[in-house]
Amino acid sequence: MLTPKKMSRLLIVASKDQLAPITRALYRSRLFHIEDYVVDGREGYDGFVIGKPLEGASEASENLIKVRSIANIFAISADAIEPAGRQRQADLKSVIERELASIGNEVEGLTARRSLLEASIKENEQRISEITPFVEIPIDLSLYSGYERFTVIAGHVTKNVTIMEPAEFRIVKGKTSHFVVAVVPNANRSEVERQLAEAGFAAVQIPAETGMPQARIDDYKAKIAHAQAEIESINLNLDAIRQKHTNFLVACEEVLKSDVEQAEAPLRFATTDQTFVAEGWVPADSVGGITESIMKATGNKAFVTELPIGAHDIVPVEYNNPSFAKPSQFFMDIYSRPKYTEIDPTLMLSIIFPIFFGLILGDIGYGLILLVLCLALRKYIKGEEGEYFLTIIRNASISSIFFGVLNSEFLGFPMPWWPPFAFSRHLAAEGGGHGPLIPELLIMSVWIGILHITLGRVLGMVNHARQDHGDHRIKAVLANAGWLSVMWGVLLLIWSAIAMPLMPDLTWTPLVVSIGGLPMGVPGINLTMIIGGIMILAGILFIARDSVLEVIELPTIISHVLSYARIVAVGLSSVAIAMVVNYIAIGMLIEPQLTNLTIFGVVIIIAGIVVFLLGHALNTALGILGGGLHSIRLHYVEFFTKFYKGGGLKYNPFGLKRRFTED
Amino acid sequence: MAAELVGTEVAAQTVEIAIKSQLGMKALGAGMAVGLTGIGAGIAEMAIGSAAVGATAENKDVFGLVLILTVIPETIVIFGLVVALVLWFV
């Protein structure tokens, strides 16, 4: 449970004519994690080369590309589709041969026509924008070109301008700039251009058109409208094809993908002229099953054996958790998958995360809102990861409700049972009793920190004992013990100096040296202080023996433990927001109006209700963010850094989980 | 006699003012502890956060790692909040 699933290394050797049946058997079993053969001159692999794809690979890939391009055009994603019954693979294959090409051609033809139309629309729009400036000058556009002794200049100027040279000149005034057209004799051209340039001239191209500008624009607009109508009909057509063939396409993709993957599997095997060798990993408990299925597929014409696992082998990692802990794998994968030899903390995460979340949020009202929310979202969020996430939130919200009962909190209000079973988090003492028990709450959170970190360090010792070798192994284990010793030494020192609630009081132990004038009325150094001091020194020694640089990390002992104070701090802030919202909504807005109800008063009451709803909605959102992020952060930063490295290879068995098809 | 009475009253008032202003200072201190540490954490997270988003955009796998890096400075503001709570309630 606390370690990944045990794996075995499997070697399969057979003659090449068994390649297809063995690949099929492996694919169907979905257990064999292939270790790709790399030509690296490994001992015992002289003369082996990478295999060639099976027959039909290229044809299947071509079809797959065709299916995927059609699916792409239609934006069909297999994950988003609920399988409606399974189609038989053999039936499907004959349909693929018959219909895929024609569907592909039809879709391709339609989309090609559509892009052509879109391009023509763009072109016509460009022409319209070219002609638009000339609309105000009612001259046939053909008159702007075709002169030998004259030059036509057109463009925008930023200020009013008149041309001194002899020329045909028009100016159309606009709001920010004016449009000018000038027909000048070639001789005067440069002078005119200079005068225009002074007025901030920017030239426009003269459209190569014939006819009146407005008429031309109308003509192009009609063309655009026509093209748009045709695009509309093409889209309708494509939509109809999509509706008709969605299920066929996703099933096709599945079948072809499995064909291609099987056909290309030999590319990952080592082969000679006559034989092939496949190496890979299977869960240790399925070795028998997979061997049997290979033997059955080949008629005992294959050799399957288990190889010993070497120290440097990268073993793929598959989680091995009880079903209630599985959702927490989601959080583990976000961080990093454990290594094969490492302790897998998923189980601990799945238990401790909801507790932290509950301690932080700890409110019946918010817990219920969250619970309803995640049960409702179950309908919309699909896929394994989404389901895992929702289950985590569900557990967290149940834990919130539980701690809410202990805290006697409902949306910040106290519940009938008072005082609360747990340390009160209510900022004001309502209904008598006490306000928040801050010292107790803080010390409780520090205790949680101490225990969590101690657990982390102990796991660190176990991990180093399992993973390291030789001299380093002892040093690393002792260094972890050293960290523990420093932490508990500091605690002993504190306990012997000051008496605190919820902490052992060691101030009574016999004084060894009596020193006057110490802060906080400490009379001197007592026995437990000396023990604490020795523990700290010994701890530092062990840490330094492993790595001297680590010593600069010593302050993190304090900061990491105190970091757990966030459990209380974030929780209290959420209580504070809830109480403020309640006070504004009920105390300030609703209650004063209830004594003497007027029409204006009703409006104020409605405003109060809005404030109440909005405020608590905001606080729910903050509660999820705060409770979730801080709890997971305490794991990632404070807990995992003590023992967990991660970086394991994901176990990715050869095979496909079929959803739309069957053999 | 009368002067003495006035003196006692003044003394009582002074004590009251002293207690009130002490309370005010506590509130001020608590507010500053949260506010300033909040600003500090914000400044620290600004740079890390933007780099983290950039890194995640390039490679989704580093999300877990950069999330940790991003929330590291947040401890500062938690300490501020703890100090404020201790100031105000303990």
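The values are calculated or read from the model by the stated rules, or taken from the named source; none is laboratory data. Keep in mind it's a predicted model, so treat the numbers as computed, not measured. With ideal geometry, Cβ positions are generated from the backbone for all residues, glycine too; neighbour counts draw on all protein chains shown.
Brief remarks follow.
- Every condition in (1) within 13 Å of chain B (Cβ to nearest Cβ); (2) hydroxyl-bearing (Ser, Thr, Tyr); (3) outside any helix (DSSP H, G or I) is met by residue A:445 except one, and the failing one is (3).
- Residue match in the stretch B:6-26 (condition: within 14 Å of another protein chain (Cβ to nearest Cβ), under 26 Å from the mean Cα position of the chain (by Cα) and not hydroxyl-bearing (Ser, Thr, Tyr)): yes
- In the stretch A:556-567, the residues that are at the interface with chain B (Cβ under 8 Å from one of its Cβ atoms), in a helix (DSSP H, G or I) and in contact (Cβ under 8 Å) with a residue 40 or more places away in the chain: A:562, A:563, A:566
- Whether a residue is small (Gly, Ala, Ser) and not assigned by TED's automatic domain parsing to the domain that holds residue A:640 was assessed, and residue A:328 passes this test.
- Filter result (in a loop (DSSP other than H, G, I, E, B) and either over 20 Å from residue A:579 (Cα atoms) or of a type outside the set (Gly, Ala, Ser) (or both)) within the stretch A:392-421: A:411, A:415, A:416, A:417, A:418, A:419, A:420, A:421
- Test: residue in the stretch A:480-498 that is within 30 Å of residue A:424 (Cα to Cα), within 14 Å of another protein chain (Cβ to nearest Cβ) and aliphatic (A, V, I, L, M): yes
- Hey, residue A:427 within 14 Å of chain B (Cβ to nearest Cβ), of a type outside the set (Lys, Arg) and in a loop (DSSP other than H, G, I, E, B) or not: yes
- Listed by position, the helices (runs of 4 or more DSSP H) contained in chain B that have at least 1 residues being touching a His at 6+ places or on another chain (Cβ under 9 Å) and surrounded by 11 or more Cβ atoms within 10 Å (Cβ to Cβ) are B:63-71, B:74-89.
- Taking the criterion of being at the interface with chain A (Cβ under 8 Å from one of its Cβ atoms) and in contact with an Asp or Glu (Cβ under 8 Å, 6 or more places away or on another chain), no residue of the stretch B:38-63 qualifies.
- Apart from one condition, residue A:135 fits all of (1) without any contact (Cβ under 8 Å) to a residue 40 or more places away in the chain; (2) in the same structural domain as residue A:192 (by TED's automatic domain parsing); the exception is (1).
Rundown of residues vs (1) touching a residue at least 60 places away in the same chain (Cβ under 8 Å); (2) over 24 Å from residue A:455 (Cα atoms), yes/no style:
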{"residue": "A:483", "(1), (2)": "yes, no"}
{"residue": "A:498", "(1), (2)": "no, yes"}
{"residue": "A:502", "(1), (2)": "yes, no"}
{"residue": "A:510", "(1), (2)": "no, yes"}
{"residue": "A:520", "(1), (2)": "no, yes"}
{"residue": "A:523", "(1), (2)": "no, yes"}
{"residue": "A:532", "(1), (2)": "no, no"}
{"residue": "A:539", "(1), (2)": "no, no"}
{"residue": "A:549", "(1), (2)": "no, no"}
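- Put simply, of A:636, A:644 the only residue that is outside any helix (DSSP H, G or I) and of a type in the set (Phe, Trp, Tyr) is A:644.
- The set of residues in the stretch A:30-44 being hydroxyl-bearing (Ser, Thr, Tyr) and within 28 Å of the chain's Cα centre (by Cα) is empty.
- Leading residue by the ranking (nearest to the chain's Cα centre (by Cα)) among those in the stretch B:37-62 that are among the hydroxyl-bearing types (Ser, Thr, Tyr) and closer than 22 Å to residue A:335 by Cβ: B:50
- Cβ-Cβ under 7 Å pairs, at least 6 apart or on other chains, the stretch A:332-344 side more than 9 Å from chain B (Cβ to nearest Cβ), far side among the basic types (Lys, Arg) and surrounded by fewer than 23 Cβ atoms within 10 Å (Cβ to Cβ): A:337/A:650; A:339/A:645; A:341/A:466; A:342/A:645
- Residue check, residue A:204 surrounded by 14 or more Cβ atoms within 10 Å (Cβ to Cβ), touching a residue at least 60 places away in the same chain (Cβ under 8 Å) and under 23 Å from residue A:222 (Cα atoms): no
- Long-range neighbours under 9 Å by Cβ, at least six apart or interchain, first residue over 25 Å from residue A:407 (Cβ atoms) within the stretch A:437-463, second surrounded by fewer than 20 Cβ atoms within 10 Å (Cβ to Cβ) and among the polar types (S, T, N, Q): A:456/A:641; A:463/A:341
- Looking across the stretch A:478-531 at every residue that is of a type in the set (Gly, Ala, Ser) and in a loop (DSSP other than H, G, I, E, B), the one that is surrounded by the most Cβ atoms within 10 Å (Cβ to Cβ) is identified as A:499.
- Residue match in the stretch A:447-457 (condition: on the phi < 0 side of the Ramachandran plot, at pLDDT below 85 and buried (at least 20 other Cβ atoms within 10 Å of the Cβ)): no
- If only residues of the stretch B:73-90 that are more than 20 Å from residue A:634 (Cα to Cα) and among the aromatic types (Phe, Trp, Tyr) are counted, the one that is nearest to the other protein chains (Cβ to nearest Cβ) is B:89.
- Single match in A:611, A:575 (criterion: more than 14 Å from every other protein chain (Cβ to nearest Cβ), more than 22 Å from residue A:642 (Cβ to Cβ), assigned to a helix (DSSP H, G or I) and β-branched (Val, Ile, Thr)): A:611
- Scanning the stretch A:646-663 for residues that are within 12 Å of another protein chain (Cβ to nearest Cβ) and modelled with pLDDT of 90 or more turns up just one, A:650.
The rows are residues; the columns are (1) out of contact with any Phe, Trp or Tyr (no Cβ under 7 Å at 6 or more places or on another chain); (2) surrounded by fewer than 16 Cβ atoms within 10 Å (Cβ to Cβ); (3) closer than 30 Å to residue A:286 by Cα.
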| site | (1), (2), (3) |
| --- | --- |
| A:44 | yes, yes, yes |
| A:54 | yes, no, yes |
| A:65 | yes, yes, no |
| A:74 | yes, no, no |
| A:82 | yes, yes, no |
| A:92 | yes, no, no |
| A:97 | yes, yes, no |
| A:103 | yes, no, no |
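- Here the stretch A:578-604 is the region considered, the condition is being of a type in the set (Gly, Ala, Ser) and under 21 Å from residue A:621 (Cα atoms), and the residue that is nearest to the other protein chains (Cβ to nearest Cβ) is A:578.
- Any hit, the stretch A:548-555, residues being closer than 29 Å to residue A:441 by Cα, in a helix (DSSP H, G or I) and either at pLDDT below 90 or outside the structural domain of residue A:642 (by TED's automatic domain parsing) (or both): yes
- Filter result for residue A:547 (over 30 Å from residue A:2 (Cβ atoms), surrounded by fewer than 19 Cβ atoms within 10 Å (Cβ to Cβ) and of a type outside the set (D, E, K, R)): no
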